[in-house]
Amino acid sequence: MIVPISQLEPARLAWREGAPYSEVFADIYYHPADGRREVEHVFIAGNRLHERWAGACDDFAIGETGFGTGLNFLVAAELWLAQTAAPAVLHYLSVEKHPLLHVDLVQVLALRGDHSALTTELLAAWPPPLPGSHRLSLAGGRIQLTLLFGDAAEQLAAARCAQRPGFEADASRGIDAWFLDGFAPARNPGMWTAELFAQLAALSRPGTSFATFTAAGAVRRGLAAAGFAVERAAGHGAKR
């Protein structure tokens, strides 16, 4: 007897001021007028990726909480391709509890003006909202995207303990940089937990960096308790 796999609850998308809005978490996915600059400021500059990738010849692993519309991924992947050369591979591991349906992702990327070859590949390979691991090999294999659909802490624990297929950054090496981007803690408290912070630390190594848009005290204290050195930095625009 074959038991069908239950689908996850996909993202419920609306639009506010020209930006995609999550009806599940009552929050926008990114800044409506300045999304890319915000990503570059918070996640790219926050993890010093320009400096770390200049002339890089080794593989690099990014871990992310909250894939959302893929904006962080596309900005990082396009920078990787521009600043590094083959055979160096970017391994990008991202968790998402409420993935966008393909039709919604098509609409978001079109309205945002994302028309790169990488965007086209992402859309062609986008999986259905089934829980577990989905591996996408993009840009001739130079980008290895592993999507983990489901609860963040549970999926990262499974990736670490079961050595999920497609997660190429092995446990002895770990994640090099984290993008922590799972909607505001006040709107999505289930993402910002001690259990999650412990999984982030377990998948990290000495020298691993992280960046996040939130300056909430509970997040700072939780990351520090898990072993990260935490400091506040200037936010994008008027944000802390």
- Answer in debye to the nearest 20: the dipole magnitude of the chain about its Cα centre, from +1 Lys/Arg and -1 Asp/Glu charges placed on Cβ, is 420 debye
- Note on the structure: Residue span A82 to V103: 0.36 nm per residue of separation minus Cα-Cα distance leaves a gain in nm of 4.7 nm
- Item | Surface per residue (accessible, 1.4 Å probe) for the chain, Å² | 46 Å²
- Classify the chain as rounded, prolate or oblate, taking a ≥ b ≥ c as the square roots of the eigenvalues of its Cα gyration tensor: rounded when a/c is under 1.5, otherwise prolate if a/b is larger than b/c and oblate if not. rounded
- Message: Given a 1.4 angstrom probe, I'd like the percentage of the accessible area of the chain that is carbon and sulfur, rounded to a whole number.
- Response: 55 percent
- Item | Cα gyration tensor shape for segment 1-89, rounded if a/c is under 1.5, else prolate or oblate | oblate
- Residue-wise HN-Hα coupling along segment 224-229, computed from phi with Karplus coefficients 6.51, -1.76, 1.60 (Hz; x: Gly, Pro): 5, 5, 7, x, 8, 7
- Message: Please compute the contact order of segment 41-131 in relative form: average sequence separation of alpha-carbon pairs under 8 Å and at least six residues apart, divided by the residue count, as a percent.
- Response: 31 percent
- Query: What are the residues whose amide H is under 5 Å from the amide H of V89, where those residues sit 5 or more places off or on another chain and H is modelled from the backbone?
  - Reply: D59, F60
- Message: Could you tell me the calculated FRET efficiency between R48 and Y21, based on Cβ-Cβ distance and R0 = 25 angstrom, to the nearest 0.05?
- Response: 0.20
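The values are calculated or read from the model by the stated rules, or taken from the named source; none is laboratory data. Just so it is clear, the structure is predicted and the values come from calculations on it, not from any experiment. Ideal geometry is used to build each Cβ from the backbone, glycine not excepted, and the neighbour counts take in all protein chains shown. When the accessible area is computed, the model is the full protein with side chains, heavy atoms only, and any ligands, DNA or RNA have been set aside. Shrake-Rupley method; radii C 1.70, N 1.55, O 1.52, S 1.80 Å.
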